[in-house]
Amino acid sequence: MQMKRYSSRLHSVLAVLAILLPPGVAAATAGDGFAVAGYPAFVGLGAALFIGGLAIAKVLTSWWELDKIGKVRRFAGIPIAALGAFLLVVAATEAPPVTGEGLPWHHLYTDGLTDSAETSRLVMVDFTADWCGACQEMEAEVFHHDDIRPRLGKDYVLVKVDLDEPIEANQKAFAEFGFSGLPAVAFVGSDGQKVPGASFEGKLSVTEFQQKLDAIESGAGAGDTRDEFRRVLEDQGLLAALLLVFLAGVLASMTPCVYPLIPITVGIFGARPAESRGRAFALSFVYVCGIATTYSVLGVAAASLGTVFGGAMQSGWVLGGIAALFFVLGLSSLGVFEIRLPGSLQTKLSQTGGAGWFGAFVMGLVAGIIAAPCVGPIVAGILLYVAQQQDLFLGWLLLMTFAFGMGQLFLALGTFSSLLNRLPQSGSWMEGVKVVFGVVFIAMAFYYLQFLVPTIAKLSAALWLMVG
């Protein structure tokens, strides 16, 4: 009995961790026989372009030491390396492109109801949005699975509702089903009535989705419709859920959107004069509190609004601003120009001890916003549950815990960054580090830009399919 209970808990933890992985990684490691064609080749192509581009660009040589041919190589190598870094980020964060025969989706809820009445088939409504990475993952991993796709295409009228489009009938349908977040899937009978207990929110595995379809078609009901995070919270208690959320935060710190924050963090704390380890830890803790404040506010907002959440942090203005920031940082790292604060402000900051307490907190707030587009899909299940419960304290606690998990990396970097002062301050290795960071910054700029310019995402998907 004891072993069975531990086995059940381990299964729950592994299931939740699978859900919390970034879409590309989750898809490549998904169970139930699912495999992403071309994933190793796509990653290999990205790595080859990244490493090869850096080699062509002669990154260990200062720009002023390059001859004419060397400068041409630098101009040629940087875009190649940036393209490789971009492909690696896409592979780690995006759902794989769908291959094979597509599903016959309607895009108007009313059209689906009409088709259902004429063919006497059940309606499956998939609510989605461009910013919902988990929705894209559900489509690629589950709906287009070899065991699921033929079944859906034959036995169901399929409706895909894009909540980003201002279509009144679609928006009204989402509200009528009482959904609070995405992914969200509803089932409707040919009589236009909702199938009792069949609708669900959050991601399901292939096996869980098959079981749901079996239950719906047999008339036995939908069974347990809770997602994995909700099961852990309700079955194993708040403490287990908090530990799981903390671990999710640690995993989130490994997502590509967080990588560019590492040199920024080191730049804030590493350039400070030598000081006690305790003060460095305290200042780093304030920085992490800034990150935690960003996400706890999101949790409280989700609990207060009790409505679909996720697109706000990925609006065009936010994404465009982040893309522009990374592009500017990239050009600066490559030596195109140097970003300097006014002399009076630099003097004031140095007198107050580098970034200062308030500066560290504000930079933490900014860091939380920069990382939001990548970690948004990871916390979707948490926000979904919080929005449904409309519990302000629970929303604050869960997202605060998640943020502190994500902040462990920055806490370590900030605490021990003073050790950087003992490293050599010049040399070819410093030039190489600056160029590599510049390449990564530019790659991240295009990663965020793809959400505003769909052509970029289409080209990367086409390349993925080509190498596969």
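Give the residue, chosen from L398, L392, L365, that is farther than 20 Å from Y287 by Cβ and at pLDDT 80 or above.
On the way: L392 fails: at pLDDT 80 or above; L365 fails: farther than 20 Å from Y287 by Cβ.
Result of the check over L398, L392, L365: L398.
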Task: Flag if F177 is aromatic (F, W, Y) and within 30 Å of P40 (Cα to Cα) - done: no
Task: Residue within segment 47-66 that is assigned to a loop (DSSP other than H, G, I, E, B), farther than 30 Å from K203 by Cα, open to solvent by 40 Å² or more (accessible area, probe 1.4 Å) and touching a residue at least 24 places away in the same chain (Cβ under 8 Å) present - done: yes
Task: The listed residue being open to solvent by 60 Å² or more (accessible area, probe 1.4 Å), assigned to a helix (DSSP H, G or I), modelled with pLDDT of 85 or more and of a type in the set (D, E, K, R), out of R73, R9 - done: R73
Task: Cβ pairs under 7 Å, 6+ apart, first in segment 318-329 and closer than 12 Å to V366 by Cβ, second open to solvent by less than 40 Å² (accessible area, probe 1.4 Å) - done: I322/I370; I322/Y448
Open item on the list: Among the residues of segment 126-135, are any at pLDDT 90 or above and in contact with a Lys or Arg (Cβ under 6 Å, 6 or more places away or on another chain)?
Closed with: yes
Open item on the list: Which of the numbered conditions does V90 fail, given that it passes all the others? Conditions: (1) at pLDDT below 90; (2) outside any loop (DSSP other than H, G, I, E, B); (3) open to solvent by 10 Å² or more (accessible area, probe 1.4 Å); (4) more than 21 Å from A198 (Cβ to Cβ).
Closed with: (3)
Task: Candidate set: segment 166-175, residues that are in contact with a helix residue (DSSP H, G or I) (Cβ under 9 Å, 6 or more places away or on another chain) and open to solvent by 30 Å² or more (accessible area, probe 1.4 Å); chosen: the one farthest from M124 (Cα to Cα) - done: I167
TODO: Being at pLDDT below 65, buried (at least 16 other Cβ atoms within 10 Å of the Cβ), among the small types (G, A, S) and within 24 Å of the chain's Cα centre (by Cα) narrows it down to one of A371, A387, A403, so name that one.
DONE: A387
TODO: Could you check how many residues of segment 406-450 are among the polar types (S, T, N, Q), open to solvent by 40 Å² or more (accessible area, probe 1.4 Å) and modelled with pLDDT under 65?
DONE: 4
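Just checking, does segment 98-107 include any residue being under 30 Å from I442 (Cβ atoms) and of a type in the set (A, V, I, L, M, F, W, C)? Please lay out each step first, then the result.
Quick first cut of segment 98-107, residues under 30 Å from I442 (Cβ atoms) only: 98-99.
Filter again for of a type in the set (A, V, I, L, M, F, W, C), leaving 98.
Yes, that holds for at least one residue.
For every residue, the table says whether it meets (1) in contact with a helix residue (DSSP H, G or I) (Cβ under 9 Å, 6 or more places away or on another chain); (2) farther than 30 Å from V90 by Cβ; (3) of a type in the set (F, W, Y); (4) surrounded by fewer than 21 Cβ atoms within 10 Å (Cβ to Cβ).
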site	(1), (2), (3), (4)
L122	yes, yes, no, yes
V125	yes, no, no, no
D155	yes, yes, no, yes
F177	no, yes, yes, yes
V188	yes, yes, no, no
K203	yes, no, no, no
V206	yes, no, no, yes
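The values are calculated or read from the model by the stated rules, or taken from the named source; none is laboratory data. Fair warning: this is a prediction, and the values are worked out from it, not measured in the lab. Because the Cβ atoms are built from the backbone with ideal geometry, glycine has one as well, and the counts that use them run over all protein chains shown. Each accessible area value is taken on the protein alone, full model and side chains, heavy atoms only, with ligands, DNA and RNA left out. Shrake-Rupley method; radii C 1.70, N 1.55, O 1.52, S 1.80 Å.
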